[in-house]
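Here's the structure, in structure tokens; my notes come after.
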Amino acid sequence: MNADPEMKTVSEKTKHPASEAGRCGPDVRSDLRVRIEHPEHGGIEIELHSRVQPYYGESIRRVADTVLEELGIHHARVQIEDEGALPFVISARLEAAVRRGGLGMGTRVLPERVPFPEASPRDRLRRSRLYVPGSEPKYFINAALYGADGVILDLEDSVHPSEKDAARLLVRNALRAVDFLACERMVRINQLPLGLEDLDEIVPECPDLILVPKVEVPEQVIAVEKRIDEVKSDYGLTRPTWLMPILESALGIENAFAIATASDKTVALTIGLEDYTAHIGVVKTSSGTESLYARQRVLNVAHAAGIQAIDSVFADVGDLDGLRAWATHSRGLGFEGMGCLHPTQISVIHEAFAPTAIEIERARKILAAYNEAQEKGVGVVSLGSKMIDPPVVNRALKLMARAQAMGVVQ
Amino acid sequence: MPVAEKAEVVTNAAGRSVLEMVNGRPQTPYMGIGKYRPTGAKASAPIHTVADFPANGDKVVADLETALRKCGLRDGMVLSSHHHLRDGDRVALMMLHAAGRLGAKDLVWFPSASFPSQKSAIELMKSGVIDHIEGSMNGPLGDYCTQGKMRGLGVLRSHGGRWQAIQDGEVHIDIAVIAAPSADAFGNCDGSHGKSACGSLGFALADSIYADHVIVVTDNLVPFPCVPWQIQGNNVDYVVQVDSIGDAAKIVSGTTQITRSPDRLRIAELVARFLRDAGIMRDGFSFQAGAGGIALAFVSYLKQLMKQAGVKARFVRGGSTKFLVELLEEGLTDYILDGQTFDLDGVRSIASNPRHVATSPFTSYNYHGKGNFASMVDAVVLGATEVDLNFNANVVTHSDGRLMHGIGGWQNCLASRCTILAVPSFRDRIPVILDEVTTLCGPGELIDVIVTERGIAINPRRRDLIDAVKQSNLPIRPLAEIKAEVERICGGRPRRPKHGDRPVAVVKWVDGTLLDTVWQVNGSF
């Protein structure tokens with residue numbers, strides 16, 4: 001279908017080449033494929049095949065008409081093969097096809113916006129963040145239902161280089177049209193400089209957090225912060241957009257502290273172990289010994305910088321026991337969360353990062369003993385035969401606060 | 001052309017338009033749950049005498065055509081088959097084509113279910129060998145019927161309703177042909193052994209008891225006695241030996257796999273948690289779930305919760321799969337009461353474990369009996385193509401009116417103490433929750449809980465369930481709220497396709513009354 005010689009002949013007669021976007025086929029869900037030819041006259045002609053034709057055929061035509069009109073297209077032959085795409089997807093695919101034909105530049109066709117959730121606090125829980133490929137709209141709509149603390153709409157590694165432009169529009173529209181409920185709305189942009197173009201398109205839709213991949217020097221974080229500020233200022237936006245740099249190379253690990261402190265918008269630091277282990281030329285194991293130094297450095301730097309330390313992902317989504325072991329170890333090291341590649345990983349991670357019943361009980365006793373000592377005006381606090389120092393009390397307070405935030409205790 | 005075109009339409013107690021006559025027989029409109037009172041005596045097969053059968057018990061004849069001829073095959077007869085071999089079955093088509101070769105016309109095919117691999121039955125309908133099908137139709141057969149091409153009306157019944165119709169004399173089977181994974185020359189047969197083993201043969205039991213003539217077709221003829229026997233040779237006229245009764249790969253799946261779809265997993269997990277939090281999952285409880293993706297995942301989640309709580313079931317109802325067999329073998333249930341067997345683990349278990357018991361639509365589902373097992377099950381998890389705000393549900397047609405599924409045991413299972421429909425809130429952009437279902441298969445007063453990936457709706461009639469989960473952290477929401485949310489996501493309400501004004505099939509309720517009508521859908525699909 002891509003190499004239809006007929007179509008080429010037709011489009012060669014016009015100023016703009018025929019262009020396409022999206023996917024169709026029996027295995028494709030919630031997406032569509034659109035081809036647009038640009039004749040010089042004849043108005044808008046839409047040929048539609050849809051698996052939801054009897055129910056939403058008219059609605060699809062209406063959306064297509066509206067998008068083309070907003071993009072200033074008056075003559076077009078449009079072929080749509082629809083696999084049940086939702087309106088925000090239809091709109092993004094049409095816009096991508098028009099832009100690929102070199103038209104409609106400078107106009108953004110935006111779907112209706114769901115109300116923004118509350119702005120994300122700097123130190124909110126970030127135990128789990130669910131990666132969703134930015135070019136797979138079928139995963140967007142329910143991504144928030146699985147209870148992750150964050151949803152990452154990914155523009156980087158999960159998107160084929162030839163689909164970067166279209167994925168950007170899909171993600172932009174998803175940020176407007178999809179209700180991500182209580183999830184922090186995150187976007188992983190591409191490696192710079194392409195990532196800066198991503199920002200131009202998505203920052204106006206106020207993602208809560210930007211993951212910056214493959215950071216090696218602080219200037220990259222500064223460039224991202226600057227671009228975000230410029231776009232926000234253009235659009236008059238004030239909602240915070242936090243940053244989470246991902247360190248994925250030996251150099252990144254060496255520059256970790258400078259990277260972590262380059263912007264006061266940075267709230268967390270994380271590590272990408274697939275790339276890091278590949279970079280230092282070792283195999284990533286389930287024990288993680290080969291990356292222990294790098295992970296501990298990320299931890300120490302994050303604490304030094306006063307931000308959250310977040311672990312990588314566990315790639316074998318079928319091995320929940322392996323994930324549990326990894327996550328438990330990760331929490332033991334001092335990480336506050338991990339990435340997720342499949343929703344089934346979320347609850348395992350939440351359990352592993354939650355304080356255990358024994359820890360909570362012990363913290364309760366410590367705090368009770370401390371409060372009792374305070375009431376009595378006793379300087380030295382003891383629990384049983386053990387003396388309790390102020391840092392122990394502090395740790396107990398932190399643990400209880402975290403347990404409360406996770407809903408483990410009232 | 002269809003008798004139905006002349007038939008009058010009346011409105012039944014569910015407010016649906018139903019026919020007064022179906023294939024020349026007067027009908028009773030649905031009157032409400034338990035309202036219709038049957039009268040009279042059960043139907044019966046003619047009396048035979050041992051004098052007409054060989055004393056040495058050898059009823060084997062050369063081939064199926066010979067057997068059909070000896071059974072007195074004539075135009076207009078009702079021929080039945082069972083679907084325990086599912087999409088791998090070869091015997092039903094063997095029977096229909098043999099009847100065609102013998103020159104029979106206007107037959108009624110009365111399968112316990114039909115499958116896509118049986119699509120050549122369409123040719124037999126076109127050539128007039130088959131007049132119409134009374135039984136579930138999907139795939140190509142469903143399309144043929146929905147397009148109004150079948151001469152007679154399709155009659156869709158539940159598994160229990162099929163027993164009821166045979167027993168009550170609504171359908172008189174002239175010749176039953178029973179595919180048997182093992183049989184002896186006397187006609188005793190069983191499904192749990194042989195190269196085409198399929199587990200239970202329960203769906204063929206009524207046919208064997210009530211049909212005028214019974215033919216057993218087997219690819220595993222064993223010396224008398226075939227033990228165990230689920231079908232008694234004393235009801236069998238002839239036995240036919242063939243090379244193969246079915247494609248083993250399609251009869252049972254090697255292993256049944258749990259879905260990887262996050263949405264389906266979430267629905268399954270919510271159902272399991274609902275059973276726990278509502279207090280249904282307790283020592284000695286019982287449940288039934290099918291073999292679909294959500295059902296399998298549900299069993300696996302429930303198993304974890306049962307282990308955590310130290311709870312075991314008294315019995316579970318099959319369709320059995322590896323997952324139920326594991327419950328049995330790990331001591332988490334005392335029994336599997338099995339209606340059909342879906343995978344190799346199920347077949348192995350039913351053949352070897354005395355606590356894995358074959359049941360029939362009579363014991364499990366028949367509404368015109370002295371009770372049945374379905375109403376004794378604490379919770380059942382079912383699917384649906386559509387539900388509406390009154391908790392009514394559709395399981396046979398797509399929202400465009402096309403026949404998609406058979407009723408199976410679905411209607412019968414609604415009798416459970418807690419009926420749960422586990423459904424995605426939309427499929428391919430098409431909302432599943434509507435103002436009114438396209439085809440009514442299950443009255444809302446029997447449907448207690450609807451679990452979607454976006455939340456759980458409890459039927460307001462079930463105050464007890466609403467109270468039971470008050471303290472839980474499950475996402476309990478009004479059905480209308482979920483519906484509104486889905487319509488927002490999908491870009492407004494779907495346009496409702498207008499159906500044609502010609503009936504193509506009818507949906508029976510479990511008591512034989514008419515619940516709804518399936519109308520012709522125009523156009524090709």
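The values are calculated or read from the model by the stated rules, or taken from the named source; none is laboratory data. Just so we're clear, the structure is a prediction, and the values are computed from it rather than from any experiment. All Cβ positions, glycine included, derive from the backbone under ideal geometry; neighbour counts span all protein chains shown.
Residues in the stretch B:6-39 that are under 24 Å from the mean Cα position of the chain (by Cα), surrounded by 19 or more Cβ atoms within 10 Å (Cβ to Cβ) and more than 12 Å from B:LEU514 (Cα to Cα): how many? Of the residues in that region, 1 qualify. For the stretch B:454-472, the count of residues that are without any contact (Cβ under 8 Å) to a residue 12 or more places away in the chain, more than 23 Å from A:LYS138 (Cβ to Cβ), hydrophobic (A, V, I, L, M, F, W, C) and more than 14 Å from chain A (Cβ to nearest Cβ) is at least one. Look at (1) touching a residue at least 60 places away in the same chain (Cβ under 8 Å); (2) within 26 Å of A:HIS350 (Cα to Cα); (3) more than 11 Å from chain B (Cβ to nearest Cβ) and you find that A:GLY147 fails only one, number (3). Looking at A:ALA309, A:ALA262, A:ALA304, can you tell me which residue is in contact with a Gly (Cβ under 9 Å, 6 or more places away or on another chain), touching a residue at least 12 places away in the same chain (Cβ under 8 Å) and either crowded, with 23+ Cβ neighbours inside 10 Å or assigned to a helix (DSSP H, G or I) (or both)? That would be A:ALA309, the only listed residue that is in contact with a Gly (Cβ under 9 Å, 6 or more places away or on another chain), touching a residue at least 12 places away in the same chain (Cβ under 8 Å) and either crowded, with 23+ Cβ neighbours inside 10 Å or assigned to a helix (DSSP H, G or I) (or both). Give the residue that is nearest to the other protein chains (Cβ to nearest Cβ), with candidates limited to residues of the stretch A:84-115 that are out of contact with any helix residue (DSSP H, G or I) (no Cβ under 9 Å at 6 or more places or on another chain) and not aliphatic (A, V, I, L, M). Among them, the one singled out is A:PRO115. Restricted to the stretch A:324-410, the set of helices (runs of 4 or more DSSP H) holding at least 3 residues that are more than 28 Å from A:ALA302 (Cα to Cα) and out of contact with any helix residue (DSSP H, G or I) (no Cβ under 8 Å at 6 or more places or on another chain) comprises A:357-376. Of the residues A:GLU290, A:GLU274, the single one that is more than 28 Å from A:GLU118 (Cα to Cα), out of contact with any helix residue (DSSP H, G or I) (no Cβ under 9 Å at 6 or more places or on another chain) and assigned by TED's automatic domain parsing to the domain that holds A:PRO204 is A:GLU274. Listed by position, the strands (runs of 3 or more DSSP E) inside the stretch B:1-95 whose residues that are small (Gly, Ala, Ser) and in the same structural domain as B:ILE231 (by TED's automatic domain parsing) number at least 2 are B:78-81.
Restricting the stretch B:492-525 to residues that are within 27 Å of B:PRO26 (Cα to Cα) and charged (D, E, K, R), the residue that is surrounded by the fewest Cβ atoms within 10 Å (Cβ to Cβ) is B:ASP501. I'm trying to understand the selection: among the residues of the stretch A:64-81, which are in a helix (DSSP H, G or I) and buried (at least 21 other Cβ atoms within 10 Å of the Cβ)? If the condition is that a residue be in a helix (DSSP H, G or I) and buried (at least 21 other Cβ atoms within 10 Å of the Cβ), then A:ALA64, A:VAL67, A:LEU68 are the ones that fit.
Take the residues in the stretch A:116-133 that are free of Cβ contacts under 8 Å to residues at least 60 places away in the same chain and either closer than 26 Å to A:VAL52 by Cβ or of a type in the set (Lys, Arg) (or both); name whichever of them is farthest from the other protein chains (Cβ to nearest Cβ). Among them, the one singled out is A:PRO133. Counting only strands (runs of 3 or more DSSP E) that sit wholly inside the stretch A:144-239, not one has at least 3 residues that are at positive phi and either of a type outside the set (Ser, Thr, Tyr) or not assigned by TED's automatic domain parsing to the domain that holds A:ILE349 (or both). Report, by residue number, each residue of the stretch B:145-196 that is more than 30 Å from B:ASN220 (Cβ to Cβ) and among the β-branched types (Val, Ile, Thr). Result: B:THR146, B:VAL155.
Residue pairs whose Cβ atoms lie under 6 Å apart, separated by 6 or more positions or on different chains, with the first residue in the stretch B:494-515 and within 14 Å of chain A (Cβ to nearest Cβ) and in a loop (DSSP other than H, G, I, E, B) and the second surrounded by fewer than 20 Cβ atoms within 10 Å (Cβ to Cβ) and among the polar types (S, T, N, Q), are B:GLY500/B:GLN520; B:GLY500/B:ASN522.
Just to be sure before I move on: is A:ARG113 part of a loop (DSSP other than H, G, I, E, B) and surrounded by fewer than 19 Cβ atoms within 10 Å (Cβ to Cβ) in the structure I sent? Here the answer is yes, as A:ARG113 does meet what is asked. Among the residues that make up the stretch B:292-305, is at least one of them under 16 Å from the mean Cα position of the chain (by Cα) and either within 28 Å of B:LYS35 (Cβ to Cβ) or at pLDDT below 95 (or both)? Within the stretch B:292-305 (the criterion being under 16 Å from the mean Cα position of the chain (by Cα) and either within 28 Å of B:LYS35 (Cβ to Cβ) or at pLDDT below 95 (or both)), the answer is yes, since at least one residue qualifies. Considered as a group, the residues in the stretch B:417-447 that are within 14 Å of chain A (Cβ to nearest Cβ) and polar (S, T, N, Q) include one that is nearest to B:ILE294 (Cα to Cα), and that residue is B:SER425.
For the structure I just gave you, tell me whether B:ARG162 is touching a Pro at 6+ places or on another chain (Cβ under 9 Å) and either assigned by TED's automatic domain parsing to the domain that holds B:TYR365 or modelled with pLDDT under 95 (or both). No; evaluated as a whole, the condition is false for this residue.
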